[in-house]
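The values are calculated or read from the model by the stated rules, or taken from the named source; none is laboratory data. In this text the structure is predicted, and so the values were computed from the model without any measurement. Counting neighbours? That spans all protein chains shown, and the Cβs are built from the backbone with ideal geometry, glycine included. We work out accessible area using only protein heavy atoms, side chains counted, and drop any ligands, DNA or RNA first. Shrake-Rupley method; radii C 1.70, N 1.55, O 1.52, S 1.80 Å.
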Amino acid sequence: MISSLSLGIVLTLFIYMLSKMLAKRYPYLWLSPLIICPVTLVLFLSVFHVNYTTYARGAHYISLLLGPATVAFAVPIYKNRALIKQYATAILGSLVIGVIIAFTSSYFLAKSLNFSSQMVHSMMPRSITTPIAMDLSTMLGGQPNLTAIFVIVTGLAGSIVGPLVIRFMRIRSASARGLLLGMGAHGCGTSTAFSIGELEGSFASVAMILAALVSIILSIFFF
Amino acid sequence: MKIIQICVQILIITTFLLIGNAIHSYAHLPIPGSVIGLVLLFLALYLRIIPLKLVDVGAKLLTAELLLFFIPSAVGIMNYPDLFGIVGIKLIIIIFISTVFVMMGTGVTAHFLSRKKVQTDDFKS
């Protein structure tokens, strides 16, 4: 019993640290811990015939930190409060539009390919930051584990298409660049934005967190 | 020493989570407790009830290692073997298309709204 409890925790921590070291040495997108870490864990568990329930018995203690991590988002919001005040209209306006496009396009695209309603509802919150996306998925009748996967794929997709959208649309302002990256690809978009510039990064981290709040408010009223 | 400081700060942040959860269940609010906690912590900082340095380091660690916390959920993909086939490819295509739409819509709106703001600022000066 004790060994199966520690298995999930130790294994996850170990592979997480290894994948971070790997990413530091070889900073390619396809070697990002976002891909390497879950893939390695799934392979390991499959090879050794450990089922997910056994793994999750211990590993879910790690997931418990998603709650405090969400609360901790108050700190970047507080630090960027002057920026938010100055650009309140642009931030709020673009995020409301972004959230509406994210939810409706995921809904209709998934629906048109005949996915089950659980799948469709798990897709809808995919563009916001994981802990809140998973909460929202439960609220909408989706499956939080599926949502976590869709959030990861969204982050990777956004890191690839984000810079292309910026170039193709000739978006030059730091505010618009940061907001579209943070709205479209949450944490991944935010780190892409920080690689463009400090101001872009600040806008993206604000967008990432506020997009999650806007999503919750809009889904209470409309979904 | 640093580790103790981080742990204490994470405990303070967790206290806000617990208060948020309590409000969520007693007031029957549809908003998740973690988000209520986020708003409460922001208000506490904004109204100077607690100083930033009491939560700064802990918050930085929690947000920097966010990926670790949702890895166990992502591993849950092994319960959905369908996703490894054609279904998975379809979903990836949907996500790419939708992400392009989201980014274009957000970028254009932000560009338009912030340009208008710069113009009014110019006008004032």
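Observations on the structure shown:
- Taking each of A:K24/B:K2; A:K111/B:K60; A:K24/B:K90; A:K20/A:K85; A:K20/B:K60; A:K24/B:K53 in turn, the alpha-carbon distance tops 27 angstrom for A:K111/B:K60; A:K24/B:K90; A:K20/A:K85; A:K24/B:K53.
- Per residue, the average separation of C-alpha pairs within less than 8 Å and at least 6 apart gives chain A a relative contact order of 16 percent.
- Cβ-Cβ FRET estimate between A:F14 and A:I220, R0 fixed at 25 Å, reported to 0.05: 0.05
- For segment A:109-166 versus segment B:32-58, the spacing of their alpha-carbon centroids is 28 Å.
- Remark: accessible area buried at the A-B interface is about 6900 Å², both chains counted, probe radius 1.4 Å.
- Expected 222 nm ellipticity per residue - DSSP helices of 4 or more, -39500 (n - 2.57), all of the protein assembly as shown, to 500: -27000 deg cm²/dmol
- Shielding by partners, peptide A:91-101 (average Cβ within 10 angstrom, other chains): 5
- To put it simply, the accessible area of the protein assembly as shown at a 1.4 Å probe is 71 percent carbon and sulfur.
- Counting only protein chain heavy atoms and rolling a 1.4 Å probe, the accessible areas of B:M1, A:M183, A:M134 rank, largest first, as B:M1, A:M134, A:M183.
- Length gained when the stretch B:N21-B:V87 is fully extended (0.36 nm per residue, less Cα-Cα span): 20.1 nm
- The listed residues A:H49, A:H60, A:H121, once ranked by accessible area (1.4 Å probe) with the largest placed first, stand as A:H49, A:H60, A:H121.
- Shielding score for A:178-191, defined as the mean number of other chain Cβ atoms within 10 Å: 4
- Using a simple spin-label model with pseudo-atoms 7 Å out from Cα toward Cβ, A:F48 and A:I100 lie 5.0 nm apart.
- Other protein chain Cβ atoms within 10 Å, averaged over every residue that makes up A:40-49: 2
- Label point 7 Å beyond Cα of A:F168 along Cβ direction - residues of segment A:69-107 with amide nitrogen under 18 Å: A:98, A:101-102, A:105-106
- Surface analysis of segment B:1-68 yields an accessible area of 57 Å² per residue, using protein heavy atoms and a 1.4 Å probe.
- Solvent-accessible area per residue, Å², over chain A with all protein chains present [probe radius 1.4 Å]: 43 Å²
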